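The next block holds one structure in the form of structure tokens; read it before the comments.
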């Protein structure tokens with residue numbers, strides 16, 4: 001009567017849409033809030049780094065550069081946090097009804113991803129507003145976004161499964177992500193890092209590879225990418241994304257059988 | 001019975017073999033890494049709870065199987081394993097056909113969403129695609145009689161409306177094998193009778209149903225076979241009547257034990273009232289008990305202690321209350337013009353109630369003793385021990401009425 005995968009996709013879709021609707025239910029400005037957050041952070045950072053630390057002058061198109069970094073980072077932090085608690089939050093559902101458990105984190109991740117896509121439209125507006133010419137490199141944007149989602153989901157799957165047994169993973173992840181924030185060129189440019197090997201090391205980080213890639217696809221030039229730094233070894237961050245996802249997926253699926261008892 | 005066994009032999013919809021599930025309940029739950037890290041060095045302590053042990057059975061296609069048992073007997077665990085929610089430790093489950101993945105009505109509905117949104121969400125959880133739900137949407141609303149409320153938020157629905165929507169959706173989900181846990185525990189009596197009608201339809205359509213319930217009435221009425229679970233083991237499976245009888249007996253023994261403990265703890269001390277109310281006993285066929293069936297004869301025996309030998313006559317009375325404190329019936333020796341002198345010598349009085357018309361509930365008596373003209377109250381017992389009445393009947397209300405249909 002029903003194709004199993006068809007059913008799962010249907011369920012993911014309904015859950016993701018529901019999550020998106022619920023996120024803004026009862027708030028007057030609704031979706032605008034999720035735009036406001038990165039926007040305000042952007043304004044603050046922009047003021048600080050342009051007038052206080054004079055970083056802005058060293059980086060071409062710094063406002064857009066910064067906005068892209070902040071928006072992507074915002075998605076990464078929000079999605080991992082939301083997905084991490086998603087299994088525990090759906091305890092009632094999990095105890096009373098059977099469906100493949102992975103549907104929940106995938107859908108919750110998508111909910112955040114929808115917000116990211118809408119934010120990308122805003123970024124696009126800023127790019128046009130700043131009179132930056134859009135080149136063919138923009139065609140790579142969807143690929144980078146998919147990669148970003150897969151990477152985020154991989155980490156979030158791991159977190160959400162572990163969170164069922166050990167709530168301490170929450171604060172631990174906060175600390176780790178703080179380190180990642182400063183280890184990834186979100187505020188600054190790699191052009192400011194003088195050490196070649198340090199730059200190479202930093203570009204192995206998938207987050208840096210994807211954020212720089214997305215910046216390049218909007219700006220066209222002037223961005224250090226993993227390809228330009230690592231050469232043939234540019235596959236390493238992409239391979240890390242795949243490995244991260246597979247680990248997250250495997251850990252999640254092996255723990256999923258017991259969720260109904262433990263949640 | 002013979003018929004059922006034949007059906008089993010041909011094509012089982014569900015085949016369960018040697019199913020066991022044990023829960024390990026940790027004495028100290030380690031939900032922090034610190035706790036987990038420290039406990040590496042300690043020997044872990046668990047209480048093992050055998051939720052189900054070595055259960056095997058078949059359910060034929062089109063069969064209506066009831067599972068009864070007391071709290072903690074493992075019936076819900078068994079059902080959850082059939083639904084795929086729990087993974088068994090040992091044993092095998094083979095299922096032929098699409099199983100409804102839910103056990104309770106309305107699981108997955110979100111109070112913040114409208115009825116329309118909830119139908120799509122709930123439908124997806126029950127295994128329907130968006131397109132399926134679109135096709136069935138009008139039917140679902142119509143059955144639930146909620147057409148006008150389609151865009152109202154679920155949390156603003158009355159509980160009756162919520163249940164109607166949930167039930168309607170589950171019917172339209174059309175699984176071949178239905179698993180249900182205490183569905184009848186929710187909803188008003190109107191809705192319950194709608195549920196029962198739906199059960200009848202399932203039976204006519206020869207759908208396979210596994211129903212977990214406390215309610216012997218429902219189980220006897222709809223199930224082809226009944227399984228009785230006790231402490232995780234299958235005690236009996238077979239003809240509904242005989243299995244339900246075993247279940248009732250099991251319950252009564254348990255009640256009796258609990259009541260005995262209760263009575264012991266309530267031995268009363270004497271004071272100086274002229275006549276004092278002592279122990280209260282409920283007697284069935286000459287034996288003291290606290291478990292009755294509707295229609296049993298009940299003798300209420302109240303022991304009295306006489307401290308003032310000068311008293312010749314007195315008034316004694318008893319009032320029957322349900323455990324919700326509803327006053328059901330009351331009488332006394334003056335009203336019934338009974339001579340109470342002999343009770344003084346016997347040390348107790350008895351009131352015999354024939355054919356008690358009480359239904360499933362707990363009851364108690366208030367006992368009063370006063371002077372014959374009611375000018376002085378000698379003693380008053382505000383609440384006697386409780387007795388339990390079980391009923392096999394499905395009829396409703398607080399008392400059983402003898403009736404006939406013409």
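Among the residues examined, residue A:94 qualifies as in contact with a helix residue (DSSP H, G or I) (Cβ under 6 Å, 6 or more places away or on another chain), touching a residue at least 24 places away in the same chain (Cβ under 8 Å) and closer than 30 Å to residue B:176 by Cα. Only one of the numbered conditions (1) under 22 Å from residue A:238 (Cα atoms); (2) buried (at least 23 other Cβ atoms within 10 Å of the Cβ); (3) more than 14 Å from chain B (Cβ to nearest Cβ) is not met by residue A:141, and that is (2).
Conditions (1) under 29 Å from residue B:345 (Cα atoms); (2) modelled with pLDDT of 85 or more, marked per residue:
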position	(1), (2)
B:236	no, yes
B:250	no, no
B:263	yes, no
B:268	yes, no
B:273	yes, no
B:277	yes, yes
B:303	yes, yes
B:314	yes, yes
B:323	no, no
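In the set (1) part of a helix (DSSP H, G or I); (2) modelled with pLDDT under 90; (3) within 12 Å of chain A (Cβ to nearest Cβ), residue B:167 fails one condition alone, (3). Residue B:142 meets the conditions (1) assigned to a helix (DSSP H, G or I); (2) under 32 Å from the mean Cα position of the chain (by Cα); (3) within 13 Å of chain A (Cβ to nearest Cβ) in every case but one. The failed one is (3). Kindly provide the set of residues from segment B:68-92 that are assigned to a loop (DSSP other than H, G, I, E, B) and at the interface with another protein chain (Cβ under 9 Å from one of its Cβ atoms), ordered by number. B:84, B:85, B:86, B:87 - these are the residues of segment B:68-92 that are assigned to a loop (DSSP other than H, G, I, E, B) and at the interface with another protein chain (Cβ under 9 Å from one of its Cβ atoms).
The set of residues in segment A:40-64 being buried (at least 17 other Cβ atoms within 10 Å of the Cβ) and without any contact (Cβ under 8 Å) to a residue 12 or more places away in the chain consists of A:56 alone.
For residue B:136, the stated conditions hold: it is outside any loop (DSSP other than H, G, I, E, B) and either more than 30 Å from residue B:12 (Cα to Cα) or away from chain A (no Cβ under 12 Å) (or both).
Among the residues making up segment B:377-406, those that are within 26 Å of the chain's Cα centre (by Cα), part of a strand (DSSP E or B) and within 30 Å of residue B:275 (Cα to Cα) are B:387, B:388. The set of residues from segment B:170-207 being in contact with a helix residue (DSSP H, G or I) (Cβ under 8 Å, 6 or more places away or on another chain) and at pLDDT below 70 comprises B:183, B:184, B:186, B:187, B:188, B:190, B:191, B:192, B:194, B:195, B:196.
Only a single item in (1) within 14 Å of chain B (Cβ to nearest Cβ); (2) touching a residue at least 40 places away in the same chain (Cβ under 8 Å) is not met by residue A:186, and it is number (1).
Residue-by-condition table, conditions (1) away from every other protein chain (no Cβ under 14 Å); (2) exposed (fewer than 15 other Cβ atoms within 10 Å of the Cβ):
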position	(1), (2)
A:158	yes, no
A:173	no, no
A:191	yes, yes
A:198	yes, yes
A:204	yes, no
A:227	yes, no
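For segment A:18-38, residues that are out of contact with any helix residue (DSSP H, G or I) (no Cβ under 6 Å at 6 or more places or on another chain) and either free of Cβ contacts under 8 Å to residues at least 40 places away in the same chain or within 7 Å of another protein chain (Cβ to nearest Cβ) (or both) total 13.
Applying the criterion of being assigned to a loop (DSSP other than H, G, I, E, B) and out of contact with any helix residue (DSSP H, G or I) (no Cβ under 9 Å at 6 or more places or on another chain) to the residues of segment B:93-133, the residue that is nearest to the other protein chains (Cβ to nearest Cβ) is B:98. Reported count of residues in segment A:91-138, each being in a helix (DSSP H, G or I) and either within 14 Å of another protein chain (Cβ to nearest Cβ) or within 21 Å of the chain's Cα centre (by Cα) (or both), is 33. Scanning segment A:57-64 for any residue that is part of a helix (DSSP H, G or I), under 25 Å from residue A:189 (Cα atoms) and under 12 Å from the mean Cα position of the chain (by Cα) turns up nothing.
Quick one: would you say residue A:67 is within 20 Å of residue A:224 (Cβ to Cβ), without any contact (Cβ under 8 Å) to a residue 60 or more places away in the chain and either within 14 Å of chain B (Cβ to nearest Cβ) or not in a loop (DSSP other than H, G, I, E, B) (or both)? Answer is yes for this residue.
The values are calculated or read from the model by the stated rules, or taken from the named source; none is laboratory data. Everything quoted here is computed from the prediction, not taken from an experiment. All Cβ positions, even for glycine, are placed from backbone atoms using ideal geometry, and neighbour counts span all protein chains on display.
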